[in-house]
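Visitor: The structure that follows is given in the form of structure tokens.
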Amino acid sequence: MGIAKFIESVKETLGLYEFKKSSKKKSVKNLLKKLNSKKDKITKLIKKDKKQKELQEELDIVNLQIKKGEKILAKLVTNK
């Protein structure tokens, strides 16, 4: 997955419609911060009500996007 596709995918997941694009590295870092905060919120909600299957699915999607983002960020850092 390319950087542009990753950014678009995460923007859609987080519901970000007004996201400022700066450098690729900075954009990915900002999106990772937002993904991690969303992960924390979902985790807290799951602890309150363990029967919510939709939340677990959303958490799985967020975790997958975090992994992809970290790989992309690692490539950006090593390519400098």
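Visitor: I'd like to verify a number: residues in region 35-57 that are among the charged types (D, E, K, R) and under 28 Å from Ser23 (Cα atoms), how many? Explain how you work it out, then say what you get.
Guide: At the first step, the residues of region 35-57 found to be among the charged types (D, E, K, R) are 38-41, 44, 47-51, 53-54, 57.
From what is left, the residues that are under 28 Å from Ser23 (Cα atoms) are 38-41.
Total meeting the criteria: 4.
Visitor: Would you check if Lys5 is of a type in the set (Lys, Arg) and in contact with a Leu (Cβ under 9 Å, 6 or more places away or on another chain)?
Guide: no
Visitor: Restricting the search to region 37-80, which residues are hydroxyl-bearing (Ser, Thr, Tyr) and farther than 18 Å from Gly15 by Cα?
Guide: Within region 37-80, the first condition is being hydroxyl-bearing (Ser, Thr, Tyr), and the residues that meet it are 37, 43, 78.
Hits for region 37-80 are Thr43, Thr78.
Visitor: Is there a residue being under 8 Å from the mean Cα position of the chain (by Cα) and modelled with pLDDT of 85 or more anywhere in region 18-31? Full working, then the answer.
Guide: Residues of region 18-31 that are under 8 Å from the mean Cα position of the chain (by Cα), as a first pass: 31.
Okay, now just the ones that are also modelled with pLDDT of 85 or more, so 31.
Yes, some residue in region 18-31 is under 8 Å from the mean Cα position of the chain (by Cα) and modelled with pLDDT of 85 or more.
The values are calculated or read from the model by the stated rules, or taken from the named source; none is laboratory data. Since this is a predicted model, take the numbers as computed values, not measurements. Note that each Cβ is placed from the backbone with ideal geometry, even for glycine, and that neighbours are counted across all protein chains shown.
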